[in-house]
Amino acid sequence: MAEPARGLHVVVDPSKCAGCNICELWCSFEHEGVFSRSMSRIQVITYELVGLDYPVVCQNCEPAPCVELCPTGALSKGRAGGIELDKSKCIGCRVCSEICPYGAAMMDPKGRYPLICDMCGGNPACVAACPTNALSISGYAMVELPARSTAERFAVTELSKLAKGWGIEVRDDEGA
Ligand code: SF4
Ligand code: SF4
């Protein structure tokens, strides 16, 4: 059997995102068995200033800082893309959450383990559930890693670029 493609990740088209949060709810249900936005591996950030939403999700960096720096080897690259967590090895130290350049590795609400996209075995629940096709799957592409950022900061920066492309004035000190 051929080696599966590596580096698959969820691609976001924020211009199509309606901010309905359905992706978050189905991600949570797929992984945790509950519909809870706070247990989702994808976070929809709303930038109130321009009225836009941006779903922040793991971009499966290569190499991935979270995998490289996890002190217990709890994280690994998944065969279907994404990052896999071995909960039995995780000590909840938050290193992965702090180092993620996209802010896409939130800790669970009780701080027990990180919520990182594992691509649902190759068929992500968020992509399947999105009613506007704002989410899709793509193979590996070289990207320049941004400076370490929170999910909010990353989303606002990306949405500011989008808004400016549409001719909407956004002051740099308010986002970009
Ligand atoms: S399901 Fe789709 S449209 Fe709704 S918030 Fe998520 S990405 Fe946006
Ligand atoms: S929180 Fe868990 S997965 Fe993340 S770096 Fe620490 S031990 Fe590794």
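No lab work stands behind these numbers, since they all come straight from the coordinates. What you see is a predicted model; the values in this text were computed from it and never measured. Cβ atoms come from the backbone with ideal geometry, glycine included; neighbour counts cover every protein chain shown.
Around the amide H of ILE137, modelled in the peptide plane, lie the amide H atoms of VAL11, all under 5 Å away and 5 or more residues distant in sequence or on another chain. Checking the a/c ratio against 1.5 first, then a/b against b/c, what shape does the Cα gyration tensor give for the range 91-150? The shape class here is oblate. Remark: for residue pairs LYS77/LYS161; LYS89/LYS110; LYS16/LYS77, the C-alpha separation exceeds 20 Å in LYS77/LYS161; LYS16/LYS77.
Please give the net charge around CYS120, taking every other residue with its beta carbon less than 13 angstrom from that of CYS120, where Lys and Arg add +1 and Asp and Glu add -1. Neighbour charge sum, excluding CYS120 itself: -2. Excluding the site residues themselves, the longest part of the chain lacking any GluC sites (Glu not before Pro) in a DSSP loop with at most 14 other Cβ atoms within 10 Å is 49-143.
Rounded to the nearest 10 degrees, the angle from helix 151-165 to the longest Cα principal axis of the chain is 40 degrees. Each residue of the range 108-125 was assigned a 3J(HN,Hα) from its phi angle through the Karplus expression (A = 6.51, B = -1.76, C = 1.60, θ = phi - 60°), giving 5, x, 8, x, 7, 7, x, 9, 10, 4, 10, 6, 6, x, x, 10, x, 4 Hz with x at Gly and Pro.
Available extension along the chain between VAL34 and SER136 is 34.4 nm, counting 0.36 nm per residue and deducting the alpha carbon span.
Coupling constants for the range 88-98 follow from the phi torsions by the Karplus curve (6.51 cos²θ - 1.76 cosθ + 1.60, θ = phi - 60°), and in residue order they are 5, 9, 6, 10, x, 6, 6, 4, 4, 5, 6 Hz; glycine and proline get x.
Applying a DSSP loop filter and a limit of 16 other Cβ atoms within 10 Å to the trypsin sites (Lys or Arg not before Pro) in the range 82-158 leaves LYS87, LYS89, ARG94, LYS110, ARG112, ARG148. Compute the acute angle (0 to 90°) between the alpha-carbon long axis of helix 22-32 and the principal axis of greatest extent of the alpha-carbon atoms of the chain; round to the nearest 10°. So the helix axis and the longest Cα principal axis differ by about 10 degrees. The dipole here belongs to the chain: it is taken about the Cα centre, uses +1 on the Cβ of Lys and Arg and -1 on the Cβ of Asp and Glu, and is about 360 debye.
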